[in-house]
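Please read the structure below before turning to the comments.
The values are calculated or read from the model by the stated rules, or taken from the named source; none is laboratory data. Given the structure is predicted, the values throughout are model-derived calculations rather than measurements. Methodologically, a virtual Cβ is constructed for each residue, glycine included, from the backbone with ideal geometry; neighbour enumeration extends over all protein chains shown.
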Amino acid sequence: MADEIELKFLISDYQEVFNAILSIGEHEKTAYELTVMYDNDKKTLYEDDSRLRLRKIIDLKDDEESCELSYKKPKTREGIKVEEEMEVETSSFKDSEEILARLGYHNVSSYERIRETFRVKTCKVTLDNFPFGYILEIEGEEEDIKNVAKRLNFNLKDNTTKSCDDIYAEICKTNGQEVKKDIRFEDLSLQKLKSQHKNHYD
C-alpha cells in the first residue's frame, strides 16, 4: 500500500503542454487505456468515496497489452490530492472481470483515454487525451511535483483534486450535455467539449 500524491490540471492546448514537458523530461510511453469502475449493489465504495477499477492498457508502440486492478481512496482533497492506493497486475482483463462479477461487483462506469507518460527527474508526468478533453497529472513527492508544475508555468491554485469522471460530469453539466455512463472516443458529441475548456497553461 502506498500514498499517491499528485497535482492535476485541465488544459486546452495539448501540443503546447506536450512540448513543454518534453523540454524538461523524457517521454516513456504512449498507451491506449480502458478503465472500468466497479461497485456492489449497496454502493458501498461510492458512499465511502473509494474506487475499485480494472484497467486494460495497450502500448501503442509494440501493441503489448497489460491489465491492472486497483483500489483508491482519497486521504485529502484539500490543496494537493493525496490518495491511499493499492494496485496489482493481472494476466487477463476478461478473467478479472469474471472474478469481480462473482464477488458481487458490477460495472458502474468506464472511460477511454490515450495516455502519454513522461519522467521529469523523480516525478511521473502524464498527459491524457480523453474524449471530452485533456488532463495533465504530476505525481511524486510534494515539493518535487510543485517544482515541476512551476517549471511548466502552471499556477498551483489551478490544480484540481477531482477525479477525471467528476471533471467530465462537471463539464457536461456546464455545457448542457447528458452525463453518460461510458465515456468513449466514438461519441462525437464529446469532441465539442474539448474546445470549451479554460486553459490553465500560462
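The sole residue among Glu68, Glu64, Glu78 that is modelled with pLDDT of 95 or more and closer than 19 Å to Glu137 by Cβ is Glu68. Counted as qualifying within segment 1-112 are the strands (runs of 3 or more DSSP E) with 2 or more residues that are in contact (Cβ under 8 Å) with a residue 60 or more places away in the chain, surrounded by 14 or more Cβ atoms within 10 Å (Cβ to Cβ) and not hydroxyl-bearing (Ser, Thr, Tyr), namely 2-11, 26-39, 65-76, 81-90. Restricting segment 113-123 to residues that are of a type in the set (Lys, Arg) and surrounded by fewer than 18 Cβ atoms within 10 Å (Cβ to Cβ), the residue that is farthest from Thr35 (Cα to Cα) is Lys121. Of all residues in segment 147-168, exactly one satisfies the criterion of being part of a helix (DSSP H, G or I), surrounded by fewer than 17 Cβ atoms within 10 Å (Cβ to Cβ) and within 18 Å of the chain's Cα centre (by Cα), namely Asp166.
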